[in-house]
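Chemist: One structure, pasted below without further comment.
Read the figures in this text as sums done on the coordinates, not as results from a lab. Remember, it's a predicted structure, so these values are computed and weren't measured experimentally. Don't worry about glycine lacking a Cβ; one is built from the backbone with ideal geometry, like all the others, and counts go over all protein chains shown.
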Amino acid sequence: MDKTKHVSDERGKDGIFKEYFKDGSLSCVGEYSRGEKTGEWKYYLGNGLLKAVGKFSQGKMIGEWTWYRENGEVMQIGAFDDERKVGTWQRYHPNGALYDEGKYVADKKGGEWRTYDAEGKLVKTTRHKPQ
């Protein structure tokens, strides 16, 4: 099994990075460039399934990220810009039905957010004003 965590040079971490749980199973894999996370990173649960996947640029979360439950179902999807929540975010019930959805503007909830029950019925609508 490859136990290499990263390749070091005078700038710090550089290259592919893998981290493992105590039992030897993969915890995360990604890449560093000049000591900062870059590109796609994948994080795993102890059962070997994906926990989260998304991208970094200069050490900051960017673009769409997806988080998963222990059964492999999607738990949440959302996007980042310079580590700030932006755009449409969606969370899901354990049965896979949409739980809620709405938009973030500069890391703050904005506009209309809708919440649904586990059968998909709209149960609440809330309006948020970005601060």
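Chemist: Give a residue-ordered list of calculated ³J(HN,Hα) values for segment 114-129 (Karplus: 6.51 cos²θ - 1.76 cosθ + 1.60, θ = phi - 60°; whole Hz; x for Gly, Pro).
Modeler: 10, 10, 10, 7, 5, 9, x, 7, 5, 10, 7, 10, 10, 9, 10, 10
Chemist: Would you mind checking which residues have amide H under 5 Å from Ser33's amide H? H placed 1.01 Å from N; only 5 or more apart, or other chain.
Modeler: Residues meeting the criterion, in which the H sits 1.01 Å from N, are Gly15, Thr38.
Chemist: While we're here: Please compute the net charge surrounding Tyr116, taking Lys and Arg as +1 and Asp and Glu as -1 over other residues with Cβ under 15 Å from its Cβ.
Modeler: That works out to -1.
Chemist: Along each of the three principal axes of the Cα atoms of segment 71-131, give the extent in whole Å, ordering the values from largest to smallest.
Modeler: 32, 26, 10
Chemist: So between Gln58 and Lys42, what do we pick up on full extension, going 0.36 nm a residue minus the alpha carbon distance?
Modeler: So the extension gain works out to 4.1 nm.
Chemist: For the pairs Lys60/Lys108; Lys37/Lys85; Lys22/Lys60; Lys51/Lys124, note any where the Cα-Cα span goes beyond 23 Å.
Modeler: Table pairs above 23 Å Cα-Cα are Lys22/Lys60; Lys51/Lys124.
Chemist: Hey, another quick one. At 7 Å along Cα-to-Cβ for each site, give me the label-to-label distance between Val29 and Thr66 in nm.
Modeler: For the pair Val29/Thr66, the computed spacing is 1.7 nm.
Chemist: Starting from the 7 Å offset along Cα-to-Cβ, what nm value, one decimal, do you get for the label separation of Glu119 and Arg84?
Modeler: With each label point 7 Å from Cα toward Cβ, the separation is 4.1 nm.
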